[in-house]
Amino acid sequence: MSAPTLAAGALKKRAPVRPARILLHVFLAGTALAWLAPLLWAIFSALRPYSETSEKGYVSWPDTLNFDNFTNAFKQSDMMHYFGNTLLIAVPAVLLTLFLSSMVAFYVSRFDFRLNLALLLVFTAGNLLPQQVIITPLYRMYLLTDLPGITASGKLYDSALGLVLIHVAFQSGFCAFVLSNYMRSLPHELTEAALVDGASAWRLYWQITLPLCKPAMAALATLLSIWIYNDFFWALVLISTGENMPITSALNNLSGQYFTDPNLVAAGALLTAIPTLVVYFVLQRQFVSGLTLGSNKG
């Protein structure tokens with residue numbers, strides 16, 4: 001190693017740490033702690049028996065830490081049943097959303113016509129509409145839609161199908177927007193060559209364009225799975241039978257009429273968060289890429 005390189009390395013080691021950098025690290029550490037504080041407090045509460053916290057208060061040194069609240073919450077809420085309800089809603093909703101939005105994105109990105117941009121804006125505008133604005137007419141429509149023999153309730157209301165359809169309706173706009181931006185970045189020569197060879201529009205979509213969109217589809221599948229799994233609003237409004245509710249709404253089973261054990265509820269909430277954490281850590285790369293997907297394409 002040459003003398004100038006050694007001198008530069010020594011100078012770099014001796015360089016003082018700037019106050020701005022120290023403040024930045026303090027700010028980032030404080031922000032991270034502020035975000036983690038509710039989660040850490042929930043874990044701390046879930047590990048303590050309620051009898052101890054009611055006697056000594058929540059801000060006190062614990063004498064007993066165990067997993068009894070997690071065991072009781074899992075059994076009392078019949079969590080496996082509601083996990084199954086959630087899968088029955090989330091899996092079809094994710095697959096159907098990706099399928100329909102990818103067809104819309106393919107049409108507006110690979111074919112040129114006058115209303116191309118307007119059609120994409122119509123789908124995207126659905127994401128700008130607050131859910132609470134349409135809840136009254138949507139609730140009435142669900143009650144008046146009869147589906148005898150298709151759903152257990154005989155109506156679109158109080159059924160897994162109703163939740164699947166509303167999730168597809170609200171998530172398709174975002175997915176179509178992201179996928180259209182991604183498809184526009186694909187070489188048009190592929191489409192032109194396939195058209196010259198006599199390929200149909202369906203073959204262009206299914207066999208040529210869609211396989212190239214696997215990174216975008218994987219990222220959106222991760223995001224959609226987490227969003228739909230964590231949904232509380234639609235399940236609360238469009239489901240009335242307790243046995244049909246997804247896992248997020250079923251936490252009400254841990255609340256009594258006259259008394260609620262907050263430590264038990266904290267344990268139940270942490271258990272329901274486990275699947276989303278598993279999805280995030282397993283598909284972390286796709287999740288992070290999904291946050292910026294399409295930002296540099298257009």
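The values are calculated or read from the model by the stated rules, or taken from the named source; none is laboratory data. Predicted model, so just to flag it, every value in this text is computed and none were measured. Glycine also receives a Cβ, built like all others from the backbone with ideal geometry; neighbour counts cover every protein chain displayed. Side chains are part of the model used for accessible areas, which takes the heavy atoms of the whole protein and leaves out ligands, DNA and RNA. Shrake-Rupley method; radii C 1.70, N 1.55, O 1.52, S 1.80 Å.
Considering (1) at pLDDT 85 or above; (2) farther than 30 Å from Leu212 by Cβ; (3) among the aromatic types (Phe, Trp, Tyr), say which one Tyr58 fails and leave the rest.
Unmet condition: (1).
Against the conditions (1) open to solvent by 60 Å² or more (accessible area, probe 1.4 Å); (2) at pLDDT 80 or above; (3) of a type outside the set (Ser, Thr, Tyr); (4) in contact with a Ser or Thr (Cβ under 8 Å, 6 or more places away or on another chain), where does Lys297 fall short? Just the number, please.
Against the list (1) open to solvent by 60 Å² or more (accessible area, probe 1.4 Å); (2) at pLDDT 80 or above; (3) of a type outside the set (Ser, Thr, Tyr); (4) in contact with a Ser or Thr (Cβ under 8 Å, 6 or more places away or on another chain), Lys297 comes up short only on (2).
With Leu156, Leu143 as the choices, which residue is open to solvent by less than 30 Å² (accessible area, probe 1.4 Å) and at pLDDT 90 or above?
One residue alone meets the criteria, Leu156.
Residue under question is Ser289, and the condition is that it be on the phi < 0 side of the Ramachandran plot, hydroxyl-bearing (Ser, Thr, Tyr), part of a helix (DSSP H, G or I) and at pLDDT below 80; does it hold?
Against the criterion (on the phi < 0 side of the Ramachandran plot, hydroxyl-bearing (Ser, Thr, Tyr), part of a helix (DSSP H, G or I) and at pLDDT below 80), Ser289 qualifies.
Can you confirm whether region 163-186 contains a residue that is under 16 Å from Phe111 (Cβ atoms) and charged (D, E, K, R)?
yes
For Tyr107, indicate whether it is of a type in the set (Phe, Trp, Tyr) and modelled with pLDDT under 90. Can you show your working first?
Details: of a type in the set (Phe, Trp, Tyr): yes; modelled with pLDDT under 90: yes.
Judged against the criteria, Tyr107 is a match.
Sort out which residues of region 65-82 are within 23 Å of Leu40 (Cβ to Cβ), part of a helix (DSSP H, G or I) and without any contact (Cβ under 8 Å) to a residue 24 or more places away in the chain, and write them in order of number.
Across region 65-82, the qualifying residues are Asp68, Thr71.
Restricting the search to region 188-214, which residues are farther than 19 Å from Ser101 by Cβ, part of a helix (DSSP H, G or I) and open to solvent by 60 Å² or more (accessible area, probe 1.4 Å)?
Within region 188-214, His188, Glu189, Leu190, Glu192, Leu195, Val196, Arg203 meet the criteria.
Please enumerate the residues belonging to region 125-166 that are in a helix (DSSP H, G or I) and among the aromatic types (Phe, Trp, Tyr).
Correct list: Tyr139, Tyr142.
Exactly one of these conditions fails for Ser185: (1) under 23 Å from the mean Cα position of the chain (by Cα); (2) surrounded by fewer than 17 Cβ atoms within 10 Å (Cβ to Cβ). Give me its number.
Ser185 satisfies every listed condition except (1).
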